[in-house]
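Chemist: Structure in structure tokens, see below.
Taken together, the values in this text are just the output of simple stated rules run on the coordinates, not laboratory data. Given the structure is predicted, the values throughout are model-derived calculations rather than measurements. FYI the Cβ positions are ideal-geometry reconstructions off the backbone, even for glycines, and counts take in every protein chain you see.
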Amino acid sequence: MKVTGVTLVQLTPVTYPAVPAADWLFFYSKNGVAFFFSQLQPADQAKVGSMNLAAYGEATADAIREAGYSVAFTGTGDAASTAPVFLKLAEGKTVIFARASNSRHALLPYQSPQIKYLDLIVYENTPVTSVNIPLTDYAVLTSPINAISYLKNVTPQPFQRYIAIGSTTAKALSDAGISEVITAAFPSELVLAKTILELEDDKNPN
């Protein structure tokens with residue numbers, strides 16, 4: 001099996017103002033973690049250190065730990081299962097959501113009036129256009145904007161199978177007209193790889 005990796009999203013930092021006071025700091029992605037902490041000013045370090053840090057999924061939680069901070073909450077990487085647990089935990093509190101400019105802000109539809117939401121854009125994610133992408137049997141997409149960028153550069157073919165890392169990416173594909181999308185059982189690159197191998201096994205039974 002030949003694997004081709006293509007960069008479909010350009011990431012650039014967005015300078016953010018002083019970090020506001022809050023009880024929780026929520027990250028959707030490891031990119032958000034990287035861009036937030038790479039710009040964190042010394043004057044804000046103690047403030048961030050006093051907050052509870054939350055991650056949308058395991059990979060994001062790992063990135064927070066690698067930055068030297070503990071993680072108070074780790075979601076599943078799926079909005080429907082993460083939102084009720086986190087929002088109950090943060091009820092009556094102020095939460096900063098550090099995210100990308102084109103983030104789907106997956107928890108927003110579940111927002112509670114009992115929580116004060118503060119938006120903090122820490123990087124810009126822009127779809128890359130005019131990319132030469134070879135046609136493959138499987139298209140593995142790891143974010144909604146990644147999926148949108150892919151479909152702008154490739155004309156879908158009947159033989160292709162689309163695999164999404166999570167529900168928001170699957171929805172982006174569905175909204176773009178892809179009728180059959182396989183969503184990984186857990187949002188990780190390892191599970192994505194296992195999903196493809198299982199599909200290959202189904203094609204070639206012993």
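Chemist: Along the three principal axes, how long is the chain when you take its alpha carbons, biggest first, rounded to the nearest angstrom?
Modeler: 56, 34, 30 Å, listed from the longest principal axis down.
Chemist: Got a sec? How would ARG65, ARG99 order by Cβ neighbour count within 10 Å, fewest to most?
Modeler: ARG65, ARG99
Chemist: Taking +1 at the Cβ of each Lys and Arg and -1 at the Cβ of each Asp and Glu, which of PRO127, ILE165, ASN153 sits farthest along the dipole of the chain towards its positive end, judged by Cα position relative to the Cα centre?
Modeler: Value computed over the given set: PRO127.
Chemist: Still on this structure: Normalised by the residues of segment 138-203, what does the relative contact order come to in percent, with Cα pairs under 8 Å and at least six apart?
Modeler: 32 percent
Chemist: While we're on this one: Which whole-number percent is the relative contact order of the chain (Cα, under 8 Å, 6+ apart)?
Modeler: Computed value for the chain: 20 percent relative contact order.
Chemist: Could you give the nm distance between label points at GLU91 and SER174, where each point is 7 Å from its Cα heading toward the beta carbon?
Modeler: Calculated label separation equals 2.9 nm.
Chemist: Now for a separate question. Spelling out what I want: for every residue of segment 84-97, take phi, set θ = phi - 60°, compute 6.51 cos²θ - 1.76 cosθ + 1.60 (Karplus), and round to whole Hz; glycine and proline get x.
Modeler: 3J(HN,Hα) across segment 84-97, in whole Hz: x, 6, 5, 5, 5, 5, 9, 4, x, 10, 9, 10, 8, 9.
Chemist: Could I ask something else about it? Answer with one residue from GLN10, LEU87, GLN114: the one whose Cα lies farthest towards the positive end of the charge dipole of the chain, charges on Cβ with Lys, Arg +1 and Asp, Glu -1.
Modeler: GLN114
Chemist: Under a point-charge model restricted to the Cβ atoms of Lys and Arg (+1) and Asp and Glu (-1), what is the dipole moment magnitude of the chain relative to its Cα centre, in debye to the nearest 20?
Modeler: With Lys and Arg at +1 and Asp and Glu at -1, about 360 debye.
Chemist: Something else now. Starting from the Cα gyration tensor of segment 138-203, take the square roots of the eigenvalues, sort them a ≥ b ≥ c, and report rounded, prolate or oblate (rounded when a/c is under 1.5, otherwise prolate if a/b is larger than b/c, else oblate).
Modeler: oblate
Chemist: Which value in deg cm²/dmol, rounded to the nearest 500, describes the helix-derived mean residue ellipticity at 222 nm for the chain, given -39,500 (n - 2.57) per DSSP H run of n ≥ 4 and division by the residue count?
Modeler: It lands at -10500 deg cm²/dmol.
Chemist: Over segment 9-126, what is the mean sequence separation of C-alpha contacts under 8 Å (at least six apart), divided by residue count, expressed as relative contact order in percent?
Modeler: 35 percent
Chemist: I've got another one for you. If one computes the Cα centroid of segment 103-124 and of segment 168-183, what distance in Å separates the two points?
Modeler: 22 Å
Chemist: Moving on. About its Cα centre, how strong a charge dipole does segment 9-126 have in debye, to the nearest 20, once Lys and Arg get +1 and Asp and Glu get -1 at the Cβ?
Modeler: Here segment 9-126 has a charge dipole of around 160 debye.
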